[in-house]
Amino acid sequence: MKKFLKLLVVAVLSITTVFGLTACGNDDIIVQTNAFFAPFEYYDGKEIVGVDVDIMNMVGERLDRNVVFKDGDFGIIIDTVSDGKLADVGAAGLTITPDRAEKVDFSIPYYTAVQYVMFLATDAADFPVQTAADGTQYVLWSTLGGKDIGVQTDTTGNIYVEGEINKDDGFDGVLQGTGAEVHPYTDANLASNAIGQNIDCVVIDELPAKYMTENNDGKFICAALYYDAETATEEQYAICVKKGNDKLLDAINEVLQELIDDVQDGQNGIDRLVAKHFVLED
C-alpha cells in the first residue's frame, strides 16, 4: 500500500476557460523551469537540457514553434505560468497538488515519483537503511526525528517535511515534537552542498537524489522514505499551462501520451528519456 498526496487529477484535467495560446506576445513557447533538478532539467555547459526539455521540444515541433526555457527559482513557476505574461508553460518535475491545480491547468501525469532522503555516507549509522519486500532500500520517516532537514523551497519534499513536523491535514505528524527542523534552499544543489554543515540530510525526489548521489564519488547515500515497511510516499509529475490554454495543453498531452504508449524492451518513451539523461558527470 502506498501513501498518495491528495491529488485532484480528474478535476484538474476538466477545468477549462478560454484564453489565447501565447502568453508573451510572440510565437515562442516560453517554459519556466528550475534547472537544478536532473535528470528532468539541468545545465550542460550553458544550455538547459533534460527530460522536460526534450518533451517540450517535441511539443514545439508539433506546433511549429520555437521553445525557450527560462531558469528561475522553483517557487515562482506556478504563479508565473498562472499570470501568463512571462511564461506559457511550467516544466520542472512538477507534482500535481490541489493548491497548484487552483492556479494552473495540468497535463496528464507522465512520471510517478517517490520521496527520498540523502545523507552523508559517514553518517550512515544515523540513518539505518532497511529493505522492503520488493527490494527497495528505505529509511523510516521517524528516523528524521530531531534532525535538521534540507528541502528545495516549495517542492513536495518541502510540503512533506513541514506537514510531518506540523501535523498538517493529511499527514501523520511523525516528526511533530521531535525537534526536527526544516531548512529550505532555492535549489537542490545548494541543499546537497549543505549536508554535513548546516543540515543533516535532504528530502528530495527519487531521481534527483540518485543523480546527485551517483555523481559525488560515494559522498552520499540515498534511500526511499517509508512510513512503515510497506508505505511509501508517491506523487505524479505533470506539465502546467495557464488555465484555459487548451490548444497548448492538448499538444502537450498528445506528445506525453505517445511517449507513454511507445513501449520498447519494457521501457516507455518517458523511461527512455530518463535513461538518456541519467548519466554520470565527467
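Read-outs: derived from the displayed coordinates by stated rules, not from any lab. None of these values were measured; they are calculated from a predicted model. A quick note on method: Cβ atoms are made from the backbone with ideal geometry, for glycine too, and the neighbour counts reach across all protein chains shown.
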The chain: relative contact order in percent, alpha carbon pairs under 8 Å with at least 6 residues between: 29 percent
MRE, 222 nm, helices only [DSSP H, n ≥ 4, -39500 (n - 2.57), over the chain, to nearest 500]: -8000 deg cm²/dmol
Calculated FRET efficiency for the pair LEU120/LYS46, C-beta based, R₀ 30 Å, to 0.05: 0.45
Amide H within-cut-off set for ALA223, under 5 Å, with H built and near neighbours excluded: VAL117
Only Lys, Arg (+1) and Asp, Glu (-1) charged, at Cβ; the chain dipole about Cα centre in debye: 360 debye
Label-to-label distance, nm, for residues given as ASP262 and ASP28 (7 Å Cα→Cβ offset): 2.6 nm
Gaussian network model of the chain, springs between alpha carbon atoms under 10 Å - residue of ASP28, ASP88, ASP134 with greatest fluctuation: ASP134
Length gained when the stretch ASP134-ASN166 is fully extended (0.36 nm per residue, less Cα-Cα span): 8.4 nm
Choice from GLY60, GLY145, GLY135 with maximal GNM fluctuation in the chain (Cα, 10 Å cutoff): GLY135
DSSP bridge pairs, the chain: antiparallel proportion in percent, nearest 5: 60 percent
Residue with peak Gaussian network fluctuation, the chain [Cα springs, cutoff 10 Å], from GLY93, GLY146, GLY45: GLY45
Distant-in-sequence amide H partners of GLN152 (H built 1.01 Å from N, under 5 Å): ASN158, TYR185
Normalised contact order of the stretch 215-282, rounded percent, pairs of Cα under 8 Å and 6 or more residues apart: 20 percent
Inter-probe distance in nm under a simple model that places probes 7 Å from Cα toward Cβ, at ASN66 and ASN216: 3.8 nm
ARG272-LEU190 pseudo-label distance in nm [points 7 Å out on the Cα-to-Cβ vector]: 3.8 nm
Cα point-scatterer Debye curve for the stretch 115-231, base-10 log of I(q)/I(0) at q = 0.18 Å⁻¹: -0.86
Unit charges on C-beta of K, R, D, E only; dipole of the stretch 124-282, Debye: 320 debye
